[in-house]
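Student: What follows is a structure written as structure tokens; I'll ask about it next.
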Amino acid sequence: MCSQLGISRAAYYKWLHRIVPETECENIRLAELIKEYDERFHHILGYRRMTSWINHFNHTVYSQNRIHRIMKKLGIHSVIRKKKKKYTYTKPDETAENILQRDFYASAPNQKWTTDVTEFKVSGEKKKLYLSVILDLYDRYPVAYVVSSRNDNKLVFKTFDKAIAAWPDAKPIFHSDRGFQYTGRVFKKKLEKQEMKQSMSRVGRCIDNGPTEGFWGIIKAEMYQMYEITDEASLRYAIKDYLRFYSEERPQDRYYCKTPLEVRQEALASDVPREYPILENKRINKYKEKWCA
């Protein structure tokens, strides 16, 4: 073996009987921990969240570079999101201005809500399920959601009614895309009755509703890894249980490894809610400096 690898026998035996450095031993233990978390959370963790979750649950201070290096050695990475289909332009009957203007920061709960509807294909059947969710931009908490086999006005109205039943005093800016459910007069009257300001994304600008679009990416990337989905019943269970997991068990870096529910409960119990500013994206700022001057 030494001859084939081009090393001396003495060098091999020196390596075999060496004293293993403490750093290497720690890397071995860390590698086992990474493999454990990767299996436990069904391969949904990239190196950033892997670092945060390991440090949070084990009270350690490992760096992202170290975790990333070991994950590459182990061939471990998060699931890759599939590319979405191109946007199909539609002409809505009645629209509202983009009041939100991509300002996704909120200093307290129930200041800004965003909403959208997404679809899930039922495995092995020519059927789809539709999920309507309303997110609070302060804590990214799903204040209401409804699953239906039909993408219609009833789905959106029921989601809105559930949100108002849970938070009757809420008067946030209500932001959506220009889907037909949100441009109708009936829905507009619902918002006016609740004294909410309606805001809509511009045509073909999905980034105007970035947090909700990001949420769809997260659920579709992670949910199918965490649950065995074979039919409509299992898909409905997966959606419901994943939303519970997202709200109650999934820590987020922006909130210092607290879950959306923990952030919301702390804010509602405090006279002055804690602020969680959105970190600047250096790549986006560099792009703007170059092309948007």
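The values are calculated or read from the model by the stated rules, or taken from the named source; none is laboratory data. What you see is a predicted model; the values in this text were computed from it and never measured. Don't worry about glycine lacking a Cβ; one is built from the backbone with ideal geometry, like all the others, and counts go over all protein chains shown.
Student: Scan segment 79-91 and tell me whether some residue there is surrounded by 15 or more Cβ atoms within 10 Å (Cβ to Cβ), modelled with pLDDT under 95 and outside any helix (DSSP H, G or I).
Tutor: Checked segment 79-91: at least one residue is surrounded by 15 or more Cβ atoms within 10 Å (Cβ to Cβ), modelled with pLDDT under 95 and outside any helix (DSSP H, G or I).
Student: Further question: Only one of these conditions is not met by Gln252: (1) in contact with a strand residue (DSSP E or B) (Cβ under 8 Å, 6 or more places away or on another chain); (2) over 24 Å from Leu100 (Cβ atoms); (3) polar (S, T, N, Q). Which number is it?
Tutor: (2)
Student: Also, I was wondering about something else. Which of the residues spanning segment 187-207 are at positive phi and either touching a residue at least 40 places away in the same chain (Cβ under 8 Å) or assigned to a helix (DSSP H, G or I) (or both)?
Tutor: Gly204
Student: Which numbered condition trips up Pro273, out of (1) surrounded by fewer than 16 Cβ atoms within 10 Å (Cβ to Cβ); (2) of a type outside the set (Val, Ile, Thr); (3) part of a loop (DSSP other than H, G, I, E, B)?
Tutor: Pro273 satisfies every listed condition except (1).
Student: Now, a different point. Within segment 9-54, which residues are assigned by TED's automatic domain parsing to the domain that holds Ile67 and of a type in the set (Gly, Ala, Ser)?
Tutor: Once the filter is applied, which keeps residues that are assigned by TED's automatic domain parsing to the domain that holds Ile67 and of a type in the set (Gly, Ala, Ser), segment 9-54 yields Ala31, Gly46, Ser52.
Student: Consider only pairs whose beta carbons are under 6 Å apart and that are at least six residues apart or on different chains; among these, list those whose first residue lies in segment 241-266 and is over 17 Å from Pro109 (Cβ atoms) and in contact (Cβ under 8 Å) with a residue 24 or more places away in the chain and whose second residue is hydroxyl-bearing (Ser, Thr, Tyr) and part of a helix (DSSP H, G or I).
Tutor: Partner pairs satisfying both residue conditions: Asp253/Ser52; Cys257/Ser52.
Student: Among the residues of segment 108-164, how many are surrounded by fewer than 18 Cβ atoms within 10 Å (Cβ to Cβ) and either in contact with a Cys (Cβ under 9 Å, 6 or more places away or on another chain) or of a type in the set (Lys, Arg) (or both)?
Tutor: Within segment 108-164, residues that are surrounded by fewer than 18 Cβ atoms within 10 Å (Cβ to Cβ) and either in contact with a Cys (Cβ under 9 Å, 6 or more places away or on another chain) or of a type in the set (Lys, Arg) (or both) number 8.
Student: In segment 36-49, is there at least one residue being in a helix (DSSP H, G or I) and among the aliphatic types (A, V, I, L, M)? Quick ask: steps written out before the conclusion?
Tutor: Narrowing segment 36-49 to residues in a helix (DSSP H, G or I): 36-40, 47-49.
Now drop any that are not among the aliphatic types (A, V, I, L, M), which leaves none.
Checked against the condition, which is being in a helix (DSSP H, G or I) and among the aliphatic types (A, V, I, L, M), segment 36-49 yields no hits at all.
Student: Can you tell me which residues in segment 118-128 are in a strand (DSSP E or B) and more than 17 Å from Ile218 (Cα to Cα)?
Tutor: Lys128
Student: Name the residue, out of Ile229, Ile218, that is hydrophobic (A, V, I, L, M, F, W, C), surrounded by fewer than 18 Cβ atoms within 10 Å (Cβ to Cβ) and farther than 22 Å from Pro168 by Cα. Don't jump to the end; show me each part of the working.
Tutor: Working: Ile229 fails: surrounded by fewer than 18 Cβ atoms within 10 Å (Cβ to Cβ).
Exactly one of Ile229, Ile218 is hydrophobic (A, V, I, L, M, F, W, C), surrounded by fewer than 18 Cβ atoms within 10 Å (Cβ to Cβ) and farther than 22 Å from Pro168 by Cα, namely Ile218.
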